[in-house]
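Derivation of every value follows stated rules applied to the coordinates shown; laboratory data play no part. Because the structure is a prediction, the values reported are computed rather than measured. In this analysis, Cβ positions are derived from the backbone assuming ideal geometry, glycine residues included, and neighbour counts consider all displayed protein chains.
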Amino acid sequence: MNVQDNVKRYYGETLKSSNDLKTDACCTPDDQPEFLKDLLANIHDDVKQRYYGCGLIAPLGLKGTRVLDLGCGAGMDVYALAQLVGPEGEVVGVDMTAEQLAVARKHNAWHAEQFGYPKSNVSFVEGYLEKLDVLNFSPESFDVIISNCVINLCTDKMTVFQSIQKLLKPGGEFYFSDVYADRRLPQAVRLDPVLYGECLGGALYWNDFLLMAKEAGFFDPRTVTSRSLEIHNPELKKRLGAAQFYSSTFRLFRIDDLEATRENYGQMVTFKGGLEHADAQFVLDQHNKIDARRKFPVCGNTWRILNQSRFAPYFEFIGDFDTHYGRYPEGEPSKPFETAKNIESNKSTCC
Ligand SMILES: C[S@@+](CC[C@H](N)C(=O)[O-])C[C@H]1O[C@@H](n2cnc3c(N)ncnc32)[C@H](O)[C@@H]1O
C-alpha cells in the first residue's frame, strides 16, 4: 500500500473520532478566542467529532471572500469559516478521503439552515492536493487558502505550495497550521505508517519548510503561533528518538515584491479599527500586534503585506521606499521553536 492509501485508510477507516488519535499532534490549543467558540457552537457534532486539526484557523477580514480549505476532512474549518465569509462569500473544501467528505456533505444543508443562509455557501471536492491542477479551479480565483494539519501528510509538498501560489489572487493569503520537526527525520520514522498517519512522520524540518515556501514564491513566511507537542505514548516516543515536534500556524502572502529580509525604510502604519473581531488590536504575526489608532513602525515587507492584501482598507500608510535605514533587528524570519518556548505551557484540547 502506498503512503496516500495508508493515510486514506487511517482517516477513512482507522480513526472514528479524535479520541482514537495516539498523540496530541492533531489537537488544537485550549485558548480559543470567544468569537471562535461561538462559531464552533453552530457546528454539527458529527463534524466536530471527526476534527483532526492542529491549530486555530480563523484569519480575519474574510467577509465576502472565496476560501479554499486543503485537506478539509469532515469540514470543521469549512463550516467555521462559512460563517466568517457570510452568505455572500464561499468556502470550498478539498480532501482525498471519501469517508471524511461523506460526513462533511451529509450536514451541508443543516449548516446553511443553522447559519440562517438562504442557500449553502460551501462545497466539497474529492481530490489530491498534489493534483490540484486537475480539479478545474481557475488560476488566481481564491482570496484565502487555508489548511489544518495536512501539508505534513502530502507526499509532494513543493507541488502543493506551487499550486497554492497559482490559485491565490495577487495579495491573497495561505493561512495554515501544521506540524514541524527540529530536524530532518530518519527514514524509519518517515516510513512508519502510524507515525505518518499521526502527522509526525511526514513533518518537515522547519528550516526546509522556510526554504521551500520561499522557493515557491512566498518570500516572507510569518509565524502566528507555535507550541511544542508532547508525545505521551511510550512506544511511539521510542520510535521517534530525540526529534522534537511543534505545531505552528504560518501565514504566507502572495506578494511578488517582498524582500528576503525585513528592511527599515522608516515606514509606519495606523490600524484604523473597524475589522470584525479585531477592533482594538490587529495581530498580523508574533512581531506585529498593532493597536488601533496608534502609529506603528513597520518594515518594508509588513508595509507591503498590509498595503497589497485584503487588510489595506483598515490601515493608513505613512512613508515610502525612498530612504533606507538598514535592517530591522528582528530581520530573520522567526523559527517556530523560538515562539514555542514562550508558550510551552499551552494545553491541547484532546488526547
Ligand atoms: C489530520 S486530518 C485534518 C483534517 C481537517 N483539516 C481537520 O482539521 O479536521 C488530514 C486530512 O487531510 C487529508 N489528506 C491527507 N493527505 C492528502 C492529500 N495528499 N490530498 C488530499 N487530502 C489529503 C486526509 O484525508 C484527512 O482528511
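List of remarks:
- If only the Cβ of Lys and Arg carry +1 and only the Cβ of Asp and Glu carry -1, the dipole of the chain around its Cα centre is close to 300 debye.
- Long-range HN-HN contacts of GLY93 with modeled amide H, under 5 Å: ASP69, SER123, PHE124, VAL125
- Summing +1 for each Lys or Arg and -1 for each Asp or Glu among the other residues whose beta-carbon sits under 14 angstrom from that of LEU62 gives -2.
- Length added when fully stretched, ARG9-LYS272, from 0.36 nm per residue minus Cα-Cα: 89.8 nm
- Using θ = phi - 60° in the Karplus curve 6.51 cos²θ - 1.76 cosθ + 1.60, the 3J(HN,Hα) couplings for the stretch 51-66 round to 8, 10, x, 10, x, 9, 9, 9, x, 8, x, 9, 3, x, 8, 10 Hz; x is entered for Gly and Pro.
- Amide proton proximity set for GLN267, modelled H, under 5 Å, gap of 5+: VAL298
- Rounded to whole numbers, the Karplus 3J(HN,Hα) couplings from phi for the stretch 227-238 are 9, 7, 9, 9, 9, 8, 5, x, 5, 5, 4, 5 Hz, using 6.51 cos²θ - 1.76 cosθ + 1.60 with θ = phi - 60°, and x at Gly and Pro.
- Restricting attention to the stretch 56-190, close to 0% of DSSP beta bridges with both partner residues there are antiparallel.
- Mean separation of Cα contacts under 8 Å (6+ apart) over length of the stretch 267-318, as relative contact order %: 49
- Cβ-derived FRET efficiency at R0 25 Å, GLU113 paired with ASP279, nearest 0.05: 0.25
- Structure note, pairs LYS16/LYS169; LYS106/LYS272; LYS169/LYS295; LYS119/LYS295; LYS119/LYS157; LYS16/LYS157: Cα-Cα distances above 32 angstrom occur for LYS16/LYS169; LYS106/LYS272; LYS119/LYS295; LYS119/LYS157.
- Percent of beta bridges antiparallel (DSSP, the chain, rounded to nearest 5): 55
- What the phi angles of the stretch 171-180 give under the Karplus curve with 6.51, -1.76 and 1.60, with θ = phi - 60°, is a coupling list of x, x, 9, 9, 10, 8, 10, 7, 9, 10 Hz, glycine and proline written as x.
- FRET efficiency, ASP45 to LEU135 (Cβ-Cβ, R0 25 Å, nearest 0.05): 0.25
- Size descriptor, Kirkwood hydrodynamic radius, that averages inverse alpha-carbon separations across the chain, Å: 20.7
- In percent, rounded to a whole number, the relative contact order of the chain is 18, using alpha-carbon pairs under 8 Å and six or more apart.
- Summary: within the chain, the longest segment free of chymotrypsin sites (Phe, Trp or Tyr not before Pro) located in DSSP loops with at most 15 other C-beta atoms within 10 Å is 1-320.
- Counting charges near GLY273 (Lys, Arg +1; Asp, Glu -1) among other residues having Cβ under 15 Å from its Cβ returns a value of +1.
- This ranking places ASP279, ASP182 by how few other beta-carbon atoms lie within 10 Å of each, fewest first, which gives ASP279, ASP182.
- Calculated FRET efficiency for the pair THR323/GLU230, C-beta based, R₀ 41 Å, to 0.05: 0.30
- Under the shape rule built on the C-alpha gyration tensor, where the axes satisfy a ≥ b ≥ c, the stretch 267-318 is rounded, since a/c falls short of 1.5.
- Amide proton proximity set for PHE219, modelled H, under 5 Å, gap of 5+: ILE255
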